[in-house]
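What follows is a single structure, written as structure tokens, with notes after it.
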Amino acid sequence: MVSGEAAIEVVSYDPAWPARFDEERQDIRRVLGSWLAGPIEHIGSTAIPGIAAKPVIDIMAGVESLGASAAAIPAAATLGYCYFPYQPDLKHWFCKPSPNLRTHHLHLVPIGTPQWVRALAFRDYLRVDAKAAAEYETLKRRLAQTFKFDREAYTEAKSPFINAVTEKALASGYGGKR
């Protein structure tokens, strides 16, 4: 456990989450617009109406490439985002307001890459398949208790479910491949 790190907490769905995303999207577009090459998407569990989630708004913004968007890293800091080189070969990843207390995650991801397509496929599939969404919520609640202070283990333990659902979603035409 990192000193001062908040416990993983999964809370009931908050209907304010989409509005929080919309507010943040406007700020991101205003400050990072010159590096964006695609839409700004609400991803992650807070983007799935009705299911419980960690109360962190996950945002994925499309860029042309990681190299072309590297200068966006200091610009994102002006919005309160802290850069962390998590999966740096796939995306520029940020958290806000701090690594220990997070209200937002920002992922700058090249458009059309598997990282981009898979995130949208998973989100879109859970938005229409209530059974899969409920299974994911149950899994997250259980894992939040098991790995209360270990974000990496929590994330890793969700991976088999996420990968299986994402593969099913892609096979069904989700993720912009329809």
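Evaluate segment 142-160: report whether one residue or more is of a type in the set (Phe, Trp, Tyr) and within 17 Å of Ile40 (Cβ to Cβ).
Looking through segment 142-160, none of the residues is of a type in the set (Phe, Trp, Tyr) and within 17 Å of Ile40 (Cβ to Cβ).
Out of Gly62, Gly44, Gly50, which single residue is touching a residue at least 40 places away in the same chain (Cβ under 8 Å), on the phi > 0 side of the Ramachandran plot and touching a strand residue (DSSP E or B) at 6+ places or on another chain (Cβ under 7 Å)?
Being touching a residue at least 40 places away in the same chain (Cβ under 8 Å), on the phi > 0 side of the Ramachandran plot and touching a strand residue (DSSP E or B) at 6+ places or on another chain (Cβ under 7 Å) holds for just one of Gly62, Gly44, Gly50, which is Gly44.
Against the definition (over 13 Å from Val109 (Cβ atoms), in contact with a Lys or Arg (Cβ under 6 Å, 6 or more places away or on another chain) and surrounded by fewer than 16 Cβ atoms within 10 Å (Cβ to Cβ)), how does Ala77 come out, yes or no?
no
Filter segment 113-159 for residues that are of a type in the set (Asp, Glu) and in a helix (DSSP H, G or I) and give the result.
Answer for segment 113-159, where residues must be of a type in the set (Asp, Glu) and in a helix (DSSP H, G or I): Asp124, Glu135, Glu137, Glu152, Glu156.
Would you please name the residue that is farthest from Pro110 (Cα to Cα), looking only at residues in segment 80-90 that are out of contact with any Leu (no Cβ under 6 Å at 6 or more places or on another chain) and assigned to a loop (DSSP other than H, G, I, E, B)?
Checked segment 80-90; the qualifying residue farthest from Pro110 (Cα to Cα) is Gly80.
Are any residues in segment 80-104 crowded, with 20+ Cβ neighbours inside 10 Å and either closer than 15 Å to Leu36 by Cβ or polar (S, T, N, Q) (or both), and if so, which ones?
Passing the criteria: Tyr81, Lys91, His92, Phe94.
Every number here is computed from the coordinates shown, using simple stated rules; none is lab data. Worth saying up front: this structure is predicted, and the values here are computed from it rather than measured. Methodologically, a virtual Cβ is constructed for each residue, glycine included, from the backbone with ideal geometry; neighbour enumeration extends over all protein chains shown.
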